[in-house]
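Let me begin by presenting the structure, written as structure tokens, before commenting on it.
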Number of protein chains: 2
Amino acid sequence: MRIALLGGTGDIGEGLALRWAYDTDHEILIGSRDPDKARAKAEEYETELDSMGRERTVKGFTNEMAADRARIVVLAVPAYYVRDTIESVADVLDEDTILVTPAVGMDRDEEGMHYKPPGVGSVTALVRKTAPDDVPVVGAFHNLAADRLANLDVDLDLDTLVVGDDGDAKGLVADIGEEIEGLRVLDAGGIANAPEVESVTPLVINIAMNNEKMHDVGVRFL
Amino acid sequence: MRIALLGGTGDIGEGLALRWAYDTDHEILIGSRDPDKARAKAEEYETELDSMGRERTVKGFTNEMAADRARIVVLAVPAYYVRDTIESVADVLDEDTILVTPAVGMDRDEEGMHYKPPGVGSVTALVRKTAPDDVPVVGAFHNLAADRLANLDVDLDLDTLVVGDDGDAKGLVADIGEEIEGLRVLDAGGIANAPEVESVTPLVINIAMNNEKMHDVGVRFL
């Protein structure tokens, strides 16, 4: 399957690209507003994978070209770029494209990180509202520390959560998530339940800030 | 140390009472609006502990009498009773009493459970606002499934989170939390960070609802 990572040059994009390229045979497409940057990063990922003994082709494109070619399109951009990014690729999305959103709206102050969803209630709901109606939307991969995800030397042994109103699309995203070694995907329900899922991201950052040796902490539900 | 569980006849109160009575030598006081109900439940807990080979005295009181006698006062009541309960015991609280709040504001609809904090931002913030200013307030023990906590046959092997603005009080609550076997207590920062902590409760309920064999699921941060 082809998986496009829009904003695939950023850290969550890098982590997902490397894990999927390393652990699966899915074709990985890196998207960026700047295709030269996407190609340069794709080459970097190839070199990294090669150094781990895994020869893979990773290709770079504009976000639109990457989205056009892919079955799964991950919006690996910060929350405040989500709307612009969807609008820039909306013409090439259709009912056969699944839009995946791992972004979370947060504010930092001196106390820590705070969940600040957009007015529609969650970033996942914002993606649902912004994307064409026939494009399935799935919230997933929010609570994975980017550094840990991108470090292929580290075993994950973590859970991540999916939310979505289209059961088939959610199931497919859960399946490709579980193909990443050490990652278990749990179903947290519909998009209405996205705020509780997205809130885990500021929480794990606060835990990392307030406890020793918990840098890059993740979560398991047991 | 004396620990009072106001609303200690309810399920989270029962779980904490049984665990502390079983795993520690702290004196456990069960509070209720109805002292007869408190005494009846306290006897029930004694019988349960006895059947597990642990002979303990557990006493029942009115909430006010229990709070008056204790160093740690746990508001083990639903979120919508928190304010009334604090007001009913405010006269006997002082700077040497630590008020602990595990309650979470939630709404259920057909999609699942949703985090609905009071207007001040969190139940912990509401407790802070309602309690006398010199009484330290700590949010803790939110995300523990009551049935699992109350079943002494089950190993917990779980994390729970504390938030609070008084470091000494928070440290003491963390210490008595860690005295419960299989429970690790992590610091999530100040009361401003309580919403992200309280949000875990509806999340684990949604996970339990949407996945097989995850009834009474808890959380570990790894």
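The values are calculated or read from the model by the stated rules, or taken from the named source; none is laboratory data. Every value quoted in this text rests on a predicted model; they were computed, and no experiment measured them. Neighbour counts run over all protein chains shown; Cβ positions are idealised from the backbone, glycine included.
Observations
- Among the residues making up the range A:1-45, those that are on the phi < 0 side of the Ramachandran plot, surrounded by 19 or more Cβ atoms within 10 Å (Cβ to Cβ) and not aliphatic (A, V, I, L, M) are A:Gly8, A:Thr9, A:Gly13, A:Glu14, A:Gly15, A:Arg19, A:Trp20, A:Gly31, A:Ser32, A:Lys41, A:Tyr45.
- Hey, B:Glu178 in contact with a strand residue (DSSP E or B) (Cβ under 7 Å, 6 or more places away or on another chain) and either aromatic (Phe, Trp, Tyr) or over 19 Å from B:Trp20 (Cβ atoms) (or both) or not: no
- The residues of the range A:92-134 that are within 14 Å of another protein chain (Cβ to nearest Cβ) and charged (D, E, K, R), listed by number, are A:Asp107, A:Arg108, A:Asp109, A:Glu110, A:Glu111, A:Lys116, A:Arg128.
- Any hit, the range A:199-217, residues being at positive phi and small (Gly, Ala, Ser): no
- Neighbours by Cβ (under 7 Å, 6+ apart or cross-chain): first from the range A:189-206, more than 7 Å from every other protein chain (Cβ to nearest Cβ); second among the aromatic types (Phe, Trp, Tyr): A:Glu198/A:Tyr115
- Test for B:Glu95: is it touching a residue at least 40 places away in the same chain (Cβ under 8 Å) and either crowded, with 22+ Cβ neighbours inside 10 Å or closer than 25 Å to B:Val185 by Cα (or both): yes
- Given (1) of a type in the set (Lys, Arg); (2) within 11 Å of chain A (Cβ to nearest Cβ); (3) free of Cβ contacts under 8 Å to residues at least 40 places away in the same chain, index of the condition B:Arg220 fails: (3)
- Selection count, the range A:135-156, where residues are among the small types (Gly, Ala, Ser) and away from chain B (no Cβ under 14 Å): 2
- Applying the set (1) touching a residue at least 24 places away in the same chain (Cβ under 8 Å); (2) not aromatic (Phe, Trp, Tyr); (3) not in a strand (DSSP E or B) to B:Ala4 leaves exactly one unmet item: (3).
- Subset tally (residues that are small (Gly, Ala, Ser) and within 9 Å of another protein chain (Cβ to nearest Cβ)) for the range B:179-188: 1
- Residue in the range A:2-26 that is farthest from A:Leu158 (Cα to Cα), counting only those that are at pLDDT below 95 and in contact with an Asp or Glu (Cβ under 8 Å, 6 or more places away or on another chain): A:Gly8
- Looking across the range A:7-26 at every residue that is in a helix (DSSP H, G or I) and among the small types (Gly, Ala, Ser), the one that is farthest from A:Tyr81 (Cα to Cα) is identified as A:Ala21.
- Subset of the range A:157-169 that is touching a residue at least 12 places away in the same chain (Cβ under 8 Å) and more than 10 Å from chain B (Cβ to nearest Cβ) - its residue that is nearest to B:Glu111 (Cα to Cα): A:Gly164
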